[in-house]
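The values are calculated or read from the model by the stated rules, or taken from the named source; none is laboratory data. All values reported here derive from a predicted model rather than from experimental measurement. Here the Cβ is made from the backbone with ideal geometry for all residues, glycine too, and neighbour counts use every protein chain on show. Heads up: the accessible areas ignore ligands, DNA and RNA and are worked out on the full protein's heavy atoms, side chains in. Shrake-Rupley method; radii C 1.70, N 1.55, O 1.52, S 1.80 Å.
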Amino acid sequence: MRTELEATISKLHEQLADVSELNAEERERLRAELDEIRETLDQQEVNSASLAERWNQQVEHFRESHPVLTENAGRVADMLSQMGI
């Protein structure tokens with residue numbers, strides 16, 4: 001599951017580079033969230049449900065304009081929840 005999560009995070013990083021409607025601040029905020037998720041995977045005290053909820057909130061406003069981005073973002077949240085970190 002972790003390998004799949006890391007692959008999805010990498011894919012989202014690539015997709016963020018291609019989304020022209022994002023301003024620099026939004027793009028950086030999403031990248032920072034993804035980096036935080038990636039960096040905390042090895043920590044025992046991480047609350048994956050909290051990470052998943054924050055991530056979902058970050059991408060909610062892209063749901064209609066960028067369905068592929070939000071689909072992959074949803075996968076990250078789902079995987080975090082399933083990992084039970």
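ALA77 - would you say it is modelled with pLDDT of 80 or more, hydrophobic (A, V, I, L, M, F, W, C) and in a helix (DSSP H, G or I)?
Details: modelled with pLDDT of 80 or more: yes; hydrophobic (A, V, I, L, M, F, W, C): yes; in a helix (DSSP H, G or I): yes.
So ALA77 passes the test.
Of (1) open to solvent by 100 Å² or more (accessible area, probe 1.4 Å); (2) assigned to a loop (DSSP other than H, G, I, E, B), GLU14 satisfies all except one. Which?
Going through the list (1) open to solvent by 100 Å² or more (accessible area, probe 1.4 Å); (2) assigned to a loop (DSSP other than H, G, I, E, B), GLU14 breaks only (2).
Taking the conditions exactly as written (surrounded by 15 or more Cβ atoms within 10 Å (Cβ to Cβ) and acidic (Asp, Glu)), does GLU39 satisfy them or not? Steps first, please.
Numbers: surrounded by 15 or more Cβ atoms within 10 Å (Cβ to Cβ): no; acidic (Asp, Glu): yes.
No; evaluated as a whole, the condition is false for this residue.
Tell me which residues, restricted to region 15-29, are without any contact (Cβ under 8 Å) to a residue 24 or more places away in the chain and basic (Lys, Arg).
First, pick out the residues of region 15-29 that are without any contact (Cβ under 8 Å) to a residue 24 or more places away in the chain: 17-18, 20, 22-28.
Within region 15-29, ARG27 is the sole residue that qualifies.
Filter region 30-76 down to residues that are free of Cβ contacts under 8 Å to residues at least 60 places away in the same chain and closer than 14 Å to ILE9 by Cα, then give me how many there are. Before you say what the answer is, go through the steps one by one.
So the first thing to find is which residues in region 30-76 are free of Cβ contacts under 8 Å to residues at least 60 places away in the same chain, and the list is 30-71, 74.
Filter once more, so that each one left must be closer than 14 Å to ILE9 by Cα: 30-41, 51-52, 55-56, 59, 68-71, 74.
The number of residues fulfilling the criteria is 22.
Only one residue in LEU51, LEU34, LEU22 is modelled with pLDDT of 80 or more and either closer than 10 Å to LEU80 by Cβ or surrounded by 15 or more Cβ atoms within 10 Å (Cβ to Cβ) (or both). Which one? Working first, answer last.
Details: LEU51 fails: modelled with pLDDT of 80 or more; LEU22 fails: modelled with pLDDT of 80 or more.
Sole residue among the options that is modelled with pLDDT of 80 or more and either closer than 10 Å to LEU80 by Cβ or surrounded by 15 or more Cβ atoms within 10 Å (Cβ to Cβ) (or both): LEU34.
Here is a list: MET1, MET83, MET79. Which entry is exposed (fewer than 15 other Cβ atoms within 10 Å of the Cβ), in contact (Cβ under 8 Å) with a residue 12 or more places away in the chain and in contact with a helix residue (DSSP H, G or I) (Cβ under 7 Å, 6 or more places away or on another chain)? Outline the logic, then answer.
Working: MET83 fails: exposed (fewer than 15 other Cβ atoms within 10 Å of the Cβ); MET79 fails: exposed (fewer than 15 other Cβ atoms within 10 Å of the Cβ).
Going through MET1, MET83, MET79 in turn, just one is exposed (fewer than 15 other Cβ atoms within 10 Å of the Cβ), in contact (Cβ under 8 Å) with a residue 12 or more places away in the chain and in contact with a helix residue (DSSP H, G or I) (Cβ under 7 Å, 6 or more places away or on another chain): MET1.
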